[in-house]
Amino acid sequence: MLELLTSLGKLSIGFLCILGPFVLLIAFLRACDRREAALSTRVLQELNSPNLRGLFSVKVKSRLTGADTVIVDLWSCSREQVWDLMERLSARLPAHVQVEVNGINGSRLNSEWTLTVRKGPAVAYGSG
């Protein structure tokens, strides 16, 4: 009887050693997907205004370790609209999220403005 319990114990420890890393990886990936869904929901709530409909694209990158990133591309919007959106997003999103808003002009001159927030005040750089 003691040998049977020992064999069952060894078998269960073996299964835990084999399946444990996969279960842990799936749990981490599920947490990333949930964070990504929550971030995209918050960003889309801010972008749901009549003057921005159809003029943006959103990309959310969620990582296992490190900061999450939200990238918003605004097409044919003024610099004031880009700046206002950046202020709203940086106020609504958590501090560990890096927010990047790209204002892309549809003219022949490839002028592009990028605003990025990383745990501090907004910094503007770009060409145009």
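Every read-out reported here was derived from the displayed coordinates using simple, explicitly stated rules and does not represent laboratory data. Keep in mind that this is a model prediction, so the values were computed, not measured. Methodologically, a virtual Cβ is constructed for each residue, glycine included, from the backbone with ideal geometry; neighbour enumeration extends over all protein chains shown.
Residues of segment 36-84 being free of Cβ contacts under 8 Å to residues at least 40 places away in the same chain, buried (at least 17 other Cβ atoms within 10 Å of the Cβ) and touching an Asp or Glu at 6+ places or on another chain (Cβ under 8 Å), which ones?
Correct list: PHE56, VAL60, SER62, ASP68, THR69, VAL70, ILE71, VAL72.
Kindly provide the set of residues from segment 1-54 that are within 21 Å of ARG92 (Cβ to Cβ) and over 19 Å from the mean Cα position of the chain (by Cα), ordered by number.
Across segment 1-54, the qualifying residues are SER49, PRO50, ASN51, LEU52, ARG53.
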